[in-house]
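The values are calculated or read from the model by the stated rules, or taken from the named source; none is laboratory data. Given the structure is predicted, the values throughout are model-derived calculations rather than measurements. We place every Cβ from the backbone using ideal geometry, glycine too, and count neighbours over all the protein chains shown. With ligands, DNA and RNA removed, areas are computed over all heavy atoms of the protein, side chains included. Shrake-Rupley method; radii C 1.70, N 1.55, O 1.52, S 1.80 Å.
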Amino acid sequence: MSSSDRSPAVDLTRTYEVRTYGCQMNVHDSERLSGLLEDAGYVRAPDGSDGDADVVVFNTCAVRENADNRLYGNLGRLAPMKTKRPGMQIAVGGCLAQKDRDTIVKKAPWVDVVFGTHNIGKLPVLLERARVQEEAQVEIAESLEAFPSTLPTRRESAYAAWVSISVGCNNTCTFCIVPALRGKEKDRRTGDILAEIEALVGEGVSEITLLGQNVNAYGSDIGDREAFSKLLRACGKIEGLERVRFTSPHPRDFTDDVIAAMAETPNVMPQLHMPMQSGSDTVLKAMRRSYRQERYLGIIDKVRAAIPHAAITTDIIVGFPGETEEDFDQTLHAVREARFAQAFTFQYSKRPGTPAATMEGQIPKEVVQARYERLVALQEEISWDENKKQVGRTLDLMVAEGEGRKDGATHRLSGRAADNRLVHFTKPDTEVRPGDVVTVEITYAAPHHLLAEGAVLDVRRTRAGDAWDKRNAAEAVKPAGVMLGLPKIGAPEPLPVATGSGCGCD
C-alpha cells in the first residue's frame, strides 16, 4: 500500500454524518463508510445534527425518478451552511454518484468528493486530498476495488448484522439501472463469509442477514447451482447464531434445494422476501424477467408446503410501460393467490439509461396512481387478514431497538418474531435489552404489526443483549450516532424511495 492510499490521521474533534438512501446494500455500505471514517479518526456527530457535522456524506440511490431531485435539494440546503463553515466537507457516493460522476460537481460545485460504488474504501483519502488541494475530487472506479466486508465497519446494531455474500447483478431487467452501476455479480469466498459470521457471533451478534443484489444466484462464479443452499446449511452449524435471514432472492434461481435448506436448518428463519414485480406474463416478459406467474406462484406453494408458517413478502411495480388493465388485473390475481404478509409497492419510475425509459406505452400518471391505490388497498386487506391468524399464538421475539415509535408513550417494547413480523409487547418488570428474547402471546393484529398486551411469559437474557449493554456503555462516553434509517415494512407512501428488496430490481 502506498503512502497516498493510507487513511489520513484526522483531528479527533472533526465529526461526520452519513445520510443513506435506498436498499440494504447501501445501508451496509454506509456501515463501512462510517467504519472507515472512524478508523481515520473522525467522530460521529450527535443525533439531530442536520448537516452540522464537519463531514456530511450522502450515500445515494439511483433507482427512483426523484433520486436526483432529492440529492440536489439536500445539497442545496447545505450550501449556505458550508459557506459559513469553511472547513466543512461534503461527499457524495453510491449509485447516483456512479451514474452522474462529474455532473454532481457541475450542478453543486460546493461538493468536495464524489466516489462510486466500487471504491468506497477511498473516502478518507479523497477527503484529505480535497482538503489539501482545495479542489473537488471525483474518483469513480469501473470495477470493485475491495469487497465491502473487508473494510472497517461501524455496525448500527449490536445484536444483528448484514453480511454481504455477493455484489453486482447479472440480470438485465429493463426497468433497472443497478447492474450498470454495481457491475456484474461477484461472489465472495464461502470461507470468508463464514469466518466473518463466526467473528460477528463472537462479538455477540445473534442474527445475520445474508445480503446480495441477487442473493440466491450465489455460486454462479464457480458454476455451483447449490452453493447458496450449502451456505445456508453451513450457517446452521455455527454455534451461537440464532437467526439467519437473506435478501433478496430472484425467482429464476429459487431452486428446491434452497427450500429444503430453509426447512431443515433450524436457525434459518421462516421468512422469504421474493420480488414478483408483476403478475402479468406479458409485463414480466417486457421487464425481461425470466419467470412467469405460474412459476412464481408454484415457488410460493412449495415454500408453504415445506414451511407452513412462513411469512412471504414481495416487491411490485405498478404502471410499467404497456401495462393494460388486463395486465394489472393479473397482478391483483397473483396477490390474492400468494397472500403476501406484506408488499413493497412502487409506481413505475422512468430512469434514463434503462430500456424501459424509451419503451412505447408510458402510462399516464393518473392511471398509475389509481392502480397503485387499488393494489395498496387489496394488500392492506390481505396483510390484516394474515396477521389476524397470529392472534392466540405464542411467539418468541428478539427484542429490537428503535422499531416502536410509540413505545415510550404506550410503555411497550418491540421485537421481531421468527417470521420477521413486528410485535409490540407489554414492558415486563424484568429488565429486557435489545437482543434478548421474550416469549409472548399475541392478542391483537393490525395490518403492519401485532400486539401482545398480556404479561410477558418468559425472558431469556442473551449474549446479544450483553453486547448491547457493552456498546451502550461505550457510547455513553462519546457522541451519539446518527441512525441510517433501516428499511421497515409499513404502509406504502405514494412515491416511496427504493427499499425493501435491495434496489427494487431483484
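Listed by first and then second residue, the pairs linking a residue in segment 386-399 that is more than 13 Å from PRO447 (Cα to Cα) to a residue that is among the polar types (S, T, N, Q), with Cβ atoms under 6 Å apart and 6 or more places separating them unless they lie on different chains, are ASP396/THR439. Of everything in segment 246-258 that is open to solvent by less than 10 Å² (accessible area, probe 1.4 Å) and not hydroxyl-bearing (Ser, Thr, Tyr), the residue that is nearest to LYS230 (Cα to Cα) is VAL258.
Per the listing GLN390, GLN362, GLN379, the residue uniquely open to solvent by less than 50 Å² (accessible area, probe 1.4 Å) and in a loop (DSSP other than H, G, I, E, B) is GLN390. Answer with yes or no whether VAL132 is touching a residue at least 12 places away in the same chain (Cβ under 8 Å) and either open to solvent by less than 10 Å² (accessible area, probe 1.4 Å) or not polar (S, T, N, Q) (or both). Judged against the criteria, VAL132 is not a match. When segment 155-171 is filtered for residues that are part of a strand (DSSP E or B) and of a type in the set (Ser, Thr, Tyr), the ones remaining, listed by number, are SER164, SER166.
Would you pick out the residues in segment 185-201 that are within 30 Å of LYS99 (Cβ to Cβ), open to solvent by 20 Å² or more (accessible area, probe 1.4 Å) and either touching a Gly at 6+ places or on another chain (Cβ under 8 Å) or in contact (Cβ under 8 Å) with a residue 12 or more places away in the chain (or both)? Passing the criteria: LYS186, ASP187, ARG188, ASP192, GLU196. Right, ARG182: charged (D, E, K, R), closer than 20 Å to THR247 by Cα, more than 19 Å from the chain's Cα centre (by Cα) and open to solvent by 10 Å² or more (accessible area, probe 1.4 Å) or not? No: the conditions fail for ARG182. The residues of segment 22-78 that are part of a loop (DSSP other than H, G, I, E, B), open to solvent by less than 30 Å² (accessible area, probe 1.4 Å) and polar (S, T, N, Q) amount to a single one, SER49.
The single condition among (1) among the β-branched types (Val, Ile, Thr); (2) free of Cβ contacts under 8 Å to residues at least 40 places away in the same chain; (3) touching a strand residue (DSSP E or B) at 6+ places or on another chain (Cβ under 8 Å); (4) open to solvent by 20 Å² or more (accessible area, probe 1.4 Å) that ILE104 does not satisfy is (4).
SER49 meets each of the listed conditions (1) modelled with pLDDT of 85 or more; (2) within 30 Å of THR209 (Cα to Cα) apart from (1). Every condition in (1) buried (at least 20 other Cβ atoms within 10 Å of the Cβ); (2) at pLDDT 95 or above; (3) touching a Ser or Thr at 6+ places or on another chain (Cβ under 6 Å) holds for CYS235 except the one numbered (3). When the strands (runs of 3 or more DSSP E) confined to segment 406-506 are screened for residues that are modelled with pLDDT of 95 or more, open to solvent by less than 50 Å² (accessible area, probe 1.4 Å) and over 30 Å from THR345 (Cα atoms), those reaching at least 3 such residues are found at 437-441. Looking at the structure I just gave you, is VAL367 on the phi < 0 side of the Ramachandran plot, assigned to a helix (DSSP H, G or I) and open to solvent by 10 Å² or more (accessible area, probe 1.4 Å)? Considered against the rule, which asks whether it is on the phi < 0 side of the Ramachandran plot, assigned to a helix (DSSP H, G or I) and open to solvent by 10 Å² or more (accessible area, probe 1.4 Å), VAL367 comes out as yes. Beta carbons closer than 6 Å, at least 6 apart along the sequence or on distinct chains, never pair a first residue in segment 227-250 that is farther than 26 Å from ARG460 by Cα and among the acidic types (Asp, Glu) with a second that is open to solvent by 30 Å² or more (accessible area, probe 1.4 Å) and part of a strand (DSSP E or B). Scoring VAL335 on the criteria (1) within 30 Å of TYR159 (Cβ to Cβ); (2) open to solvent by less than 40 Å² (accessible area, probe 1.4 Å) leaves a single failure, condition (1). If you check PHE328 against the conditions, is it within 23 Å of PHE246 (Cβ to Cβ) and open to solvent by less than 20 Å² (accessible area, probe 1.4 Å)? No: the conditions fail for PHE328. Consider ARG416 carefully, then state whether it is in contact (Cβ under 8 Å) with a residue 12 or more places away in the chain and under 27 Å from GLN379 (Cα atoms). So ARG416 fits the description; yes.
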